[in-house]
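Since the structure comes first, as structure tokens, the remarks are kept for the end.
No value in this document is a laboratory result; all are computed from the given coordinates. In this text, all values refer to a predicted model and were calculated from it rather than measured experimentally. Neighbour counts are summed over all protein chains in view; Cβ atoms, including those assigned to glycine, are modelled from backbone coordinates with ideal geometry.
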Amino acid sequence: MDHQLLRYEKLAEDLSGIIVAGNIRPGERLPSVRRLSRERRLSVSTVLQALRHLEDKGLVEARPQSGYFVRHAAARREPPTARSTPDEAVPVDVSQRLMRVLQSGMQPGVAPLAAALPDAALMPVAALRRLYGGVARRHPRLLEGASHINMDEPALIRQLVLRSVGWAGPLAASEFVITNSCTEALGLCLRAVTQPGDTVAVESPAYYLMLQLIETLGLKALEIPTDPRNGMSIEALDLATRDGRIAACLLVPNASNPLGSVMPDENKRRLAKLTADRGVALIEDDIYGDLHFAGERPRPIKAFDRVGNVMLCSSFSKCLSPALRIGFVAAGRYRSQVALQKTITSGATNPVTQMVLAEYLESSAYQRHMRGLRRTYEQQVDAMIASVARHFPATTRITQPQGGFVLWVELPEEIDTSALHGRAVAAGVAYVPGELFSASGMYRNCLRLNCGNPHTPQIEDAVRRLGALMAPSALPPAAA
Ligand SMILES: Cc1ncc(COP(=O)(O)O)c(C=O)c1O
């Protein structure tokens, strides 16, 4: 999607930044329409369009004869705080419940706030469609060759190496394995470095797919306290790895799912060293690294890896299309084990799709698309924050994601989001209950919302209906 900011959008974005940063506080008046029009050299109707846009996002309200005021719901909400976690590793049992939750969220008529999927209209589908036709015509060998091993396209690996120059070091072409999605990459890495019964350290809350992988491979999960701004606690990991009982550490350091945290560089450096020193293989999922909201692309932990101990996994599911099913891992010194796992799992990765991706990454369209997409996701996340602040109980805590497009919400203790889930789906709203992000059943009063879709009036209404189910009068007697 090529997204040039319109003038009203630029003004709305600037004003929204000032409000969210707390420079104009809830209840205070915005500069007048006339003044904005004069100082920004915009027509009155453009200024009004910007203000209406902010009104739709729930940040400001118009008061007749008085102007526009910052709404109280626009105030920054307290983020959730990191929780302490059990000392012991535990087997995981979330998969069956998770599958039911994700399937119920895909029913027609249910607002898509469960799975972390972007709206198809945000993806460059037309360009990809054209490339598929062109690639199949121009490279007939891709459909003719057949092999179960080493079908990684050098053209794609070259693009992946080039992309990494600015933020990772760059990565070496020789350490890549192209995979069918990030999910596959994570599974291959885990299988390459663990045996059934081993313990894997994960964030708490953790992306549920990681818990599912741990569950199905017969591993145990050790939850490490994780801060909503700075990510996994290095101190806690340090303590946990002292007795050598952890085989691998699996985490999302950039715009984590579900917290949206970005680990500071210094922590990444410490984590790379700690895990290397202790013989703990580190698997990092960088799928949201390019979807940062701050100016600079955050670096992966891999950028601080001196000994090849970090396996960096990612895919293009969140920025080009989840349907491509194409991802990769830069596997460092584990590359040959990972490549073997790839061969026995799925052979090779579709060569036509690899070339389509290589050609898309080569074009300038990719950078343009990413610039627009980052802004769009940020606006959608902002709109969801404002909407949750409007409709959920007053003491609700909300994350301030630093990238990606999911939001983590902590509700009052008495609200059990697993118990509420069936009623929410019946009311036409899906979400993922918090306990599915924990091996030990923590976070029953939390939930995750997908903000991958434009914040339409239908989505706003879905959030309102969900909030209504949390009102004391709507809760079962024991909880109310
Ligand atoms: C952190 C994280 N990793 C991996 C995935 C899955 O990616 P893929 O579609 O490439 O398997 C997701 C999707 O929700 C995700 O949030």
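Stretched out fully, how many nm does the piece from ARG141 to ALA419 gain, at 0.36 nm a residue minus the Cα gap?
Working: separation 278, 0.36 × 278 = 100.08 nm, distance 5.39 nm.
This chain segment gains 94.7 nm when fully extended.
Going 7 Å from the Cα of LYS10 in the Cα-to-Cβ direction, what parts of the stretch 49-66 have a backbone nitrogen less than 15 Å from that spot?
Only 50 fall inside the zone, counting backbone N under 15 Å.
Take the chain, drop everything but the C-alpha atoms, weight them equally and run the Debye formula without solvent; then report log10 I(q)/I(0) at 0.09, 0.10, 0.11, 0.13 Å⁻¹ to two decimals.
Relative scattering, expressed as log10 I(q)/I(0), comes to -0.63, -0.78, -0.94, -1.26.
Count charges around VAL101 for me, please; just the other residues with Cβ under 13 Å from its Cβ, Lys/Arg as +1, Asp/Glu as -1. Please list the in-between numbers first.
Working: positive: ARG97, ARG100, ARG448; negative: GLU435.
Surrounding charge for VAL101 is +2.
Place the peptides 356-362, 299-305 in order of packing, highest mean first, counting for every residue the other Cβ atoms within 10 Å and averaging per peptide. Provide the component values of the computation, followed by the final result.
Details: 356-362: 21.1, 299-305: 23.9.
Answer by packing, highest mean first, reads 299-305, 356-362.
In Å, the Kirkwood hydrodynamic radius of the stretch 7-74 over pairs of distinct alpha carbons?
11.6
Please give me the summed charge of the neighbours of LYS302: other residues whose Cβ is under 15 Å from its Cβ, Lys and Arg +1, Asp and Glu -1.
With Lys, Arg at +1 and Asp, Glu at -1, the net is +3.
Return the distance in nm (one decimal) between the two label points of a simple spin-label model at LEU239 and ALA365, each offset 7 Å from Cα along Cα→Cβ.
5.2
Can you check what the net charge comes to around LEU211, using other residues whose Cβ is under 14 Å from the Cβ of LEU211 (Lys, Arg +1; Asp, Glu -1)?
Around LEU211, the surrounding residues sum to -3.
Just how far, in whole angstrom, is the stretch 212-255 from the stretch 34-113 if you go by their alpha carbon centroids?
Taking the Cα centre of each part, the stretch 34-113 and the stretch 212-255 sit 29 Å apart.
Work out, step by step, the length gained on full extension between ALA471 and GLN103: first 0.36 nm times the residue separation, then minus their alpha carbon distance; give nm to one decimal. Please report the intermediate quantities before stating the final value.
Working: separation 368, 0.36 × 368 = 132.48 nm, distance 2.63 nm.
Gain on extension, ALA471 to GLN103, equals 129.9 nm.
Placing one identical point scatterer on every Cα of the stretch 123-365 and ignoring solvent, what is log10 I(q)/I(0) from the Debye formula at q = 0.17 Å⁻¹?
-1.27
Peptides 22-34, 259-271, 175-187, 157-169: what's the order by average Cβ count within 10 Å, highest mean first?
In decreasing order of mean packing, 22-34, 259-271, 175-187, 157-169 become 175-187, 259-271, 157-169, 22-34.
Below 27 Å, Cα to Cα, which lysines can LYS220 reach? Residues fewer than 8 away in the same chain don't count.
Candidates past the 8-residue exclusion: LYS268, LYS273, LYS302, LYS342.
What ranking, highest mean first, results for peptides 103-116, 381-394, 448-461 when packing means the other Cβ atoms within 10 Å averaged over each residue?
On the way: 103-116: 16.5, 381-394: 21.7, 448-461: 19.4.
Those peptides, ordered most packed to least, come out 381-394, 448-461, 103-116.
Of all DSSP beta bridges in the chain, what percent run antiparallel (nearest 5)?
60
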